[in-house]
1. If residue 82 satisfies all but one of (1) at pLDDT 90 or above; (2) surrounded by 13 or more Cβ atoms within 10 Å (Cβ to Cβ), what's the number of the condition it fails?
2. Checking the condition in contact (Cβ under 8 Å) with a residue 24 or more places away in the chain and more than 17 Å from the chain's Cα centre (by Cα), which residue from 121, 112, 138 passes?
3. Considering the range 141-162 alone, what residues qualify as being open to solvent by less than 60 Å² (accessible area, probe 1.4 Å) and outside any helix (DSSP H, G or I)?
4. Limited to the range 104-117, what total is found for residues that are part of a loop (DSSP other than H, G, I, E, B) and crowded, with 18+ Cβ neighbours inside 10 Å?
5. Output the residues belonging to the range 56-77 that are touching a residue at least 40 places away in the same chain (Cβ under 8 Å) and surrounded by 14 or more Cβ atoms within 10 Å (Cβ to Cβ).
6. Quick check on residue 71: is it small (Gly, Ala, Ser) and modelled with pLDDT of 95 or more?
7. Checking residue 69 against (1) in contact with an Asp or Glu (Cβ under 8 Å, 6 or more places away or on another chain); (2) closer than 26 Å to residue 150 by Cβ: exactly one of these is not met. Which one?
8. Residues being surrounded by fewer than 19 Cβ atoms within 10 Å (Cβ to Cβ) and within 16 Å of residue 89 (Cβ to Cβ): count how many of those fall in the range 35-46.
Amino acid sequence: MDSAATVRSLGATHAIAVDLADAARSPDAGGRLLRRHLARALVARMADVPVAEVRLSRTSLGAPVVVTPAGWYISQSGRGGDWLIGASRQPIAVDREPLDDAPPLRDMLAPAEIQALDRLAPADQPLDWLRRWTIKEAHAKLIGSPLRIRPEAIETRLDTAVEATATFEGVSHCWTWTTATAIETVAIWA
């Protein structure tokens, strides 16, 4: 967000009626409006169109979608002031989880994931669990209806330090990394 072009793009965004209506439905209206502006600026930059031509909406389940320009996809994740926004010409999903969050319960893992976790040193297990959780969340968002999917139904496989796959109603290829404050994951269909 620190490049001059990005600052110009963000500065060129303005609150349009649909953005204001979307933000009004949120207890964090200002933050939601800012995230929407950032997403519009990102799509505009990647699609090489004026920000004013970018229109966003939400699915019936609340996921953000690009209305115009056609053929673009977005995903967002985060809380507070820290967000991850992804945009692509193919379906994309992102998830971001703070490192200070306690790992979810083990019963949210598939049996093979529990076995892989148990092979790690106890000190390494929370980070591995949280990494797998972000992969599961991103994959569920990619499917489009994350709330209907039991987390343990999504199986993750950690292929390298930054690549993974998730399987449930299809296979996604995931890239995941750890920052100073969070684990972030991007997923696309394999």
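1. The failed condition is (1).
2. On the way: 121 fails: in contact (Cβ under 8 Å) with a residue 24 or more places away in the chain; 138 fails: more than 17 Å from the chain's Cα centre (by Cα).
Criteria check complete, one pass: 112.
3. 144, 145, 149, 154, 156, 158, listed by residue number.
4. So the answer is 2.
5. Going through the range 56-77, the residues touching a residue at least 40 places away in the same chain (Cβ under 8 Å) turn out to be 59, 61, 63, 75-77.
Passing the criteria: 63, 75, 76, 77.
6. On the way: small (Gly, Ala, Ser): yes; modelled with pLDDT of 95 or more: yes.
So residue 71 fits the description; yes.
7. Against the list (1) in contact with an Asp or Glu (Cβ under 8 Å, 6 or more places away or on another chain); (2) closer than 26 Å to residue 150 by Cβ, residue 69 comes up short only on (2).
8. The qualifying residues number 2.
The values are calculated or read from the model by the stated rules, or taken from the named source; none is laboratory data. Everything quoted here is computed from the prediction, not taken from an experiment. With ideal geometry, Cβ positions are generated from the backbone for all residues, glycine too; neighbour counts draw on all protein chains shown. Please note that ligands, DNA and RNA were not included when accessible areas were found on the heavy atoms of the full protein model with its side chains. Shrake-Rupley method; radii C 1.70, N 1.55, O 1.52, S 1.80 Å.
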